[in-house]
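Right, one structure below, let's go through it.
Where a number appears in this text, it was derived from the coordinates with a stated rule and is not lab data. Treat the numbers as computed from the prediction; the structure is a model and nothing was measured. Every residue, glycine among them, receives a Cβ derived from its backbone with ideal geometry; neighbour counts consider all protein chains shown.
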Amino acid sequence: MLRLEKLEIRQGDFALAADWVLPDGAVCAVMGPSGGGKSTLLAAIAGFLAPDAGRVSWDGRELTALRPAQRPISILFQDNNLFPHLSIERNLALGIDPKGRLDADRRTRIAQVLERVGLRGMEARRPAALSGGQQSRAALARVLLMDRPLVLLDEPFAALGPGLRMEMLDLARAVLAGEGRTLLMVSHDPEDAARIASDIVLVDAGRAEPPAPAAPLLADPPPALRAYLGR
Amino acid sequence: MRWPGGIAAGLVLALTLGTLGAVAWRAGFALRLGPADWAAIRFTIWQAALSALVSVVLAIPVARALARQRFPGRAALVTLLGAPFILPVIVAVIGLIGVFGRGGILNDALGLAGLGPVSVYGWHGVVLAHVFFNLPLAVRLILQGWLSIPAERFRLAASLGAPVGRLLEGPMLRAVAPGAFAVIFLICLTSFAVALTLGGGPRATTVELAIYQAVRFDFDLGRAAMLAVVQFALCAAAALGLRAAGAPEALGAGLDRVVEHHAPGGRMLDALSVTLAALFLMAPLAMILARGLPGLADLPGGLWPAAARSVAVALGATALTLAMALALALRGGALARLSMLLPLAASGLVMGTGLFVLLHPLVSPREVALLVTMLVNAVMALPFAARVIAPAVAQAEAGHGRLADSLGLHGLARLRWLILPRIRRPLGFAAGLTAALSMGDLGVIALFAGDGQATLPLLMVRLMSAYRMEQAAGVALVLLAISLALFWIFDRGGRVDAAA
């Protein structure tokens, strides 16, 4: 269970506050206007940004002082989710072990997880030899190998076309959420949210609102969300 | 990882400020400058200022021509402008003597015209050599300025019918030229090899040359130490001036573009500027070949051992420089930035004198001549290597640092999987640069070396002072070939199979 306690982040004029709990197994979309702080919220949870006040904890364990890799979290960024100079196999191996060692057992695990995301036999390729959608699949495969209970998606599929993006979101939910992981994903598209999210966090006017069930929220949006959605 | 950067910074500080402290202590902190010392100081400043002024003034029409004209061979010429940086000074001197010296092609031509011979030796020879080395640098810096003016501005000026020169080019030159002047002034302040071979005497002795003479001939360590302090102060003042003028980006890429210029004009003037500049640069290079090829038939004894020593020193210096530049780039912060710049204000001979003072009671400096040369070369090349490597490391971190953080890549794992693969090309280029600089270095080795310890540049100087110019020219060609080969191999090594 992810808990944000009186979390405050300030960067110059920008400020963001959050104080809520996200239940285990939730698939939660983070929505709100550009520049509202959606990515900042994820960066603070992932540990790339030290909050000015408050605490981040997981299952009662405080994370605030831990480095990103020490947290029970894996994250996909908008871009640069794979090292372009390494093969897919090596990229995935780094998800198992930062030393990047490969042995027969690990090769087998990598082959299995690549098969799950539809990239069978692509081990030796460099990311540049893959399409955008395939690169996203490879990044998802690494998240699977890292096997962390909380997965943050900071719009990793934003550069894909709408059809492909939906496909990747479905795949992400199927392979990640299906195993009881908690997903927190930035989203710009209410359709995306309606399609896969169980909950929505609205980020606006310096606050990240507590997660609320997605279907009723989208059916009858509060004024801030209504303004953002343009209804 | 921060501690390797700390060690590198410590080494740089010890070799620059530490050696300076050693010489200051040896000098007894007393500055008693005699008339000859003052003459050396005056000449050092004067020749550096004149060399920088001439280089920058002559560079402006050449840079303008390259900025606004397309012509066959333009790319080759731009590449050629980068060559003097890795051309060993002493090799270039052979070429300049071949053009401007007593038996050079210029005097042959003047003789045919019935005019008296000109001499390349003396203050004008020193300035000539400095302009040869720094005109290309000035052209590159100013060309960069021209290419940094956005094309939209030229279009706007053209649509307004406004004078491009006063509106765009004048302000650009006022912004860029002082920085170019300051860089070249600083480079010429530390001139040793040129002053040693073309200068000398009471009217053309630089402070660096005076230090060398004090140690090597008079064994007057007190005077050498005092001059070393003066030299450091001069360089530090010039380095501060450079900061104030705004240090320009010397190694920037992308000079192969042509400004979309809406009032080209002046084609004749541009053609003349480019032709003269190309001639001025290429004639000495051609003379290196012309004089060197016959010399190859009569290479002196001791050539290959000297070549082996040079290569060994260059490879050692390259490894050390890359390690220091990488460690400092990974550490970051004010101390690292200082360490990357400090060697610019230091001089090889000051470091050498300091090490001489420190080592003299312990070991004979001759026993460690090559090791000391390698250390000094490594530190002297550091600013250039760091200038190439540090931005590449920063770029690798900016692009994939968060990914590496999220995967827990630290220390050696981060170096192996993120940094090194991402900086291969700049690393190879920096290695080539360092190896070539070290191969051509003639400084501290001249201070220390005994009979059986000459490197190729020192062997050349010895041959030249024995008036065996043909043999010296042959050695020059060998030195040039090895320098270029090392540069090519390293630079190539960084490119082969470098992934996107």
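Averaged over its residues, how many other protein chain Cβ atoms are within 10 Å of peptide A:89-97's Cβ atoms? Don't skip to the answer; put the middle values down first.
Numbers: counts 0, 1, 3, 0, 1, 8, 3, 1, 3.
Going residue by residue through A:89-97 and averaging, the value is 2.
Please work out how much length the chain gains when fully extended from B:Asp298 to B:Trp488, using 0.36 nm per residue of separation minus the C-alpha to C-alpha distance, in nm with one decimal. Let's see the in-between values first.
Working: separation 190, 0.36 × 190 = 68.40 nm, distance 2.70 nm.
The B:Asp298-B:Trp488 span can extend by a further 65.7 nm.
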Note to self: Counting only Cα atoms, I'd like the Rg/Rh figure for the range B:1-68, Kirkwood definition for Rh.
What the structure shows: 1.25
Next item on the list: Would you mind checking which residues have amide H under 5 Å from A:Ile200's amide H? H placed 1.01 Å from N; only 5 or more apart, or other chain.
Entry: A:Ala29, A:Ala212, A:Ala214
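Over the residues of the range B:314-416, compute the C-alpha Rg and express it relative to 2.2 N^0.38 Å.
Numbers: Rg = 16.9 Å, N = 103, 2.2 N^0.38 = 12.8 Å.
Dividing the Cα Rg of the range B:314-416 by 2.2 N^0.38 Å gives 1.32.
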Check: Once Rh for the range A:82-147 is found with the Kirkwood sum over Cα pairs, what is the Stokes-Einstein diffusion coefficient at 10 °C and 1.306 mPa s, in µm²/s?
Finding: 141 µm²/s
Check: How big is the range B:31-296 by Rg and Dmax over its Cα atoms, in Å?
Finding: 20.5, 69
Check: Considering the dipole of the range B:31-296 built from charges on the beta carbon (Lys and Arg +1, Asp and Glu -1) around the Cα centre, which of B:Gly266, B:Leu293, B:Val93 is farthest to its positive end?
Finding: B:Gly266
Check: Extension gain A:Glu179-A:Ala128, at 0.36 nm per residue separation less the Cα-Cα distance, in nm?
Finding: 15.4 nm
Next item on the list: Treating each Cα of the protein assembly as shown as an identical point scatterer and ignoring solvent, apply the Debye formula and state log10 I(q)/I(0) at q = 0.06, 0.08 Å⁻¹.
Entry: -0.49, -0.79
Check: Roughly what would the spin-label model give for A:Lys99 and A:Gln78, points 7 Å off Cα along C-beta, in nm?
Finding: 3.7 nm
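Quickly estimate the mean residue ellipticity at 222 nm for chain B, helices only: each DSSP H run with n ≥ 4 gives -39500 (n - 2.57), and the total goes over all residues, rounded to 500. Show your work: numbers first, answer last.
On the way: 22 runs with 363 residues, N = 500.
Mean residue ellipticity at 222 nm (helix-derived): -24000 deg cm²/dmol.
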Notebook entry, point to check: Using the eigenvalues of the Cα gyration tensor, what equivalent ellipsoid semi-axes result for the range B:389-487 when each is taken as the square root of five times the eigenvalue, whole Å, largest first?
Noted result: 44, 13, 9
Next item on the list: Report, in debye and to the nearest 20, how large the dipole of the range A:130-192 comes out about its Cα centre when Lys and Arg carry +1 and Asp and Glu carry -1 on their Cβ.
Entry: 260 debye
Notebook entry, point to check: For all pairs of alpha-carbon atoms in the range B:1-150, what percent lies in each bin of width 10 Å, listed from the first bin to the last filled one?
Noted result: 9, 22, 26, 25, 13, 4, 0
Checklist line | the range B:141-227 - convex hull of alpha carbons, volume per residue in Å³ | finding: 119 Å³
Margin query: How shielded is A:59-68 by partner chains, expressed as the average number of their Cβ atoms within 10 Å of its Cβ atoms?
Written below: 1
Checklist line | DSSP beta bridges in the protein assembly as shown [antiparallel fraction, %, rounded to 5] | finding: 50 percent
Note to self: If you average the alpha carbon positions of the range B:201-223 and of the range A:157-187, how far apart do those two centres end up, in angstrom?
What the structure shows: 74 Å
Check: Viscosity 1.306 mPa s, temperature 10 °C: Stokes-Einstein D of chain B from its Kirkwood Cα radius, in µm² per second?
Finding: 67 µm²/s
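Please give the average number of partner chain Cβ atoms lying within 10 Å of the Cβ of each residue in A:22-32, rounded to a whole number. Could the numbers behind the result be given before it?
On the way: counts 0, 0, 0, 0, 0, 0, 0, 0, 0, 0, 0.
The per-residue average across the peptide is 0.
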Margin query: Under the 0.36 nm per residue contour assumption, what length would be gained going from the current alpha-carbon distance of A:Asp59 and A:Glu5 to full extension?
Written below: 18.1 nm
Checklist line | B:Ala271 paired with B:Met1, simple spin-label distance in nm, labels 7 Å along Cα-to-beta-carbon | finding: 5.8 nm
Notebook entry, point to check: Taking Cα centroids, how far is the range B:160-183 from the range A:1-76 in Å?
Noted result: 49 Å
Checklist line | Net +/- balance of residues flanking A:Val21 in space, Cβ distance below 13 Å, scoring K and R +1, D and E -1 | finding: -3
Check: chain B: longest stretch without exposed chymotrypsin sites (Phe, Trp or Tyr not before Pro) (DSSP loop, at most 13 other Cβ within 10 Å), sites themselves excluded?
Finding: B:220-466
Checklist line | Modelled label reach - B:Leu371, point 7 Å along Cα→Cβ, the range B:432-451 residues with backbone N closer than 19 Å | finding: B:444-451
Margin query: Quick check: the distance between the Cα centres of the range B:74-113 and the range B:272-287, to the nearest angstrom?
Written below: 8 Å
Note to self: If I model a spin label as a point 7 Å beyond the Cα along the Cα-Cβ vector, how far apart are those points for B:Ala75 and A:Arg109 in nm?
What the structure shows: 4.9 nm
Item checked: Spin-label zone in the range B:180-218 - amide nitrogen under 12 Å from a point set 7 Å from the Cα of B:Ala233 along the C-beta vector -> none
Margin query: I need two numbers for the range B:76-133: Rg to one decimal and Dmax as a whole number, Cα atoms only, in Å.
Written below: 13.0, 38
Check: Is the range B:263-359 rounded, prolate or oblate when judged by the Cα gyration tensor, a ≥ b ≥ c being the square roots of its eigenvalues, rounded requiring a/c under 1.5 and prolate requiring a/b larger than b/c?
Finding: oblate
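Please state, to two decimals, what the Cα-based radius of gyration of chain A comes to when divided by 2.2 N^0.38 Å (N = residues). Walk me through the numbers on the way to the answer.
Numbers: Rg = 17.7 Å, N = 231, 2.2 N^0.38 = 17.4 Å.
Against the compact-globule rule of thumb, the ratio is 1.02.
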